[in-house]
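Shown next, in structure tokens, is the structure this report addresses.
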Amino acid sequence: MPFTIAIIGRPNVGKSTLFNRLVGQKLALVDDLPGVTRDRREGGARLGDLEFTIIDTAGLDEGAKGSLTARMQEQTETAIAQADALFFVVDARAGLTPNDRAFADFARRANKPVLLVANKSEGKHGDAGAMEAFALGLGDPIQISAEHGEGMGELYDALARLM
Ligand code: GDP
Ligand code: MG
């Protein structure tokens, strides 16, 4: 079994964008509207010389505002169960929401290594959000831009220590 990573986090933080970058193909649908990733997607990923399986998560009810839906919980729990490690993704520009904290609780309870990823950090816009993310207690945020391919070296270093 290859090393498996689940990408988890609330809708719209850039999970599918990161998934696509690591898989190197547009397997996961990215859209400006939350809720476009209809199913869990899995792909063979590469970061430098590291090869692993990656799972993109998104619930059917992602468009629902407010609380974490049952569908999202179920999908996240299934992905976590299959993973050796987690990428917990937050949006460094938007700041933390109650949903971020709910997903962070899942990540914490998983008892698996978690890399805290502060996405949308290009152009230093994410510094404040990354500071805020630190308060989640999931370690030092790794600032990346999945869209622009920034911070991949830092992500590599953190992942290489786990694999
Ligand atoms: P998901 O719901 O977590 O899978 O998020 P998506 O990957 O679908 O991305 C949601 C939105 O954020 C899309 O409009 C993306 O283009 C945008 N996005 C993703 N990564 C970045 C990034 O690194 N920087 C910025 N500025 N936007 C991003
Ligand atoms: Mg998605």
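Laboratory data are not the source of any read-out in this text; all were calculated from the coordinates shown. Worth saying up front: this structure is predicted, and the values here are computed from it rather than measured. Note that we place each Cβ from the backbone using ideal geometry, even for glycine, and neighbour counts take in every protein chain shown.
Brief remarks follow.
- Extension gain for ASP49-ARG161 works out to 39.0 nm (0.36 nm per residue, less the C-alpha to C-alpha distance).
- LYS124, LYS112, LYS15 arranged by Cβ crowding within 10 Å, fewest neighbours leading: LYS124, LYS112, LYS15
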